[in-house]
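Throughout, read-outs are computed from the coordinates displayed, never taken from laboratory work. In this text, all values refer to a predicted model and were calculated from it rather than measured experimentally. Because the Cβ atoms are built from the backbone with ideal geometry, glycine has one as well, and the counts that use them run over all protein chains shown.
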């Protein structure tokens, strides 16, 4: 396990150095995305209004307020990633996204895309919205304001994390490993209790 401090945009070379259980601290730009943003991109076939090449995308629907023509942060938390799994392969293949930040991990199709295109999944601690919000220096831009709070957000971040590499470009998946270990222990517990498995 290693700790990396990385600055966006992220290269394939850098991402392929990461392995499950490594720790990542991010600086630079993080893009906030959620369901409606990705539905617009993929189902409505609208390209993002900003380049996502080398990007880290955070699954979020932030609480922001608009003051004049500027957006100010109130609270930026992270949402569960599983339901957005179908979008990750396209984000990586077509738009060059390198990292997804979220909670709970994603599934096999996303893992295959990470292997093929050089991507990773960075897990953030659930309930850490206050910390995340403090690590966002500025809301630089909000694209597609009409679907706020599920617009496309450009955040400037400093020392964002710690993030745990939970899916890497080598086919490793921390959540799958933990599930397998839990199932093995459950089987052992059933045997000790005399319950047929």
*asked:* Between helix 108-117 and the chain, what is the angle of the helix's C-alpha long axis to the longest principal axis, kept within 0 to 90° and rounded to the nearest 10?
replied: 60 degrees
*Given the options 49, 162, 149, which has the most mean-square fluctuation in a GNM of the chain, springs set between C-alpha atoms less than 10 angstrom apart?*
49
_With the crude spin-label approximation of a point 7 Å out along Cα→Cβ, what separation in nm comes out for residue 13 versus residue 45?_
3.7 nm
*Taking the Cβ of each residue in 85, 168, 69, 159 as the centre, tally the other Cβ atoms inside 10 Å and list the residues starting with the fewest.*
69, 159, 85, 168
_Mean separation of Cα contacts under 8 Å (6+ apart) over length of the chain, as relative contact order %_ = 27 percent
_Exposure proxy ranking, count of Cβ atoms within 10 Å, fewest first, for 33, 39_ = 39, 33
_Which label in (i) 15.6, 52; (ii) 18.5, 59; (iii) 17.7, 67 gives the computed Rg and Dmax of the Cα atoms in Å_ = (iii)
*How big is the antiparallel share of DSSP beta bridges in the chain, given as a percent to the nearest 5?*
60 percent
*Taking the Cβ of each residue in 155, 117 as the centre, tally the other Cβ atoms inside 10 Å and list the residues starting with the fewest.*
117, 155
_Output the 0 to 90 degree angle, nearest 10, between the alpha-carbon long axis of helix 174-193 and the longest principal axis computed from the alpha carbons of the chain._
30 degrees
*Any idea how far the Cα center of the stretch 1-25 sits from the one of the stretch 88-155, in Å?*
15 Å
*Most mobile of 113, 56, 166 per a Gaussian network model of the chain (Cα springs, under 10 Å)?*
113
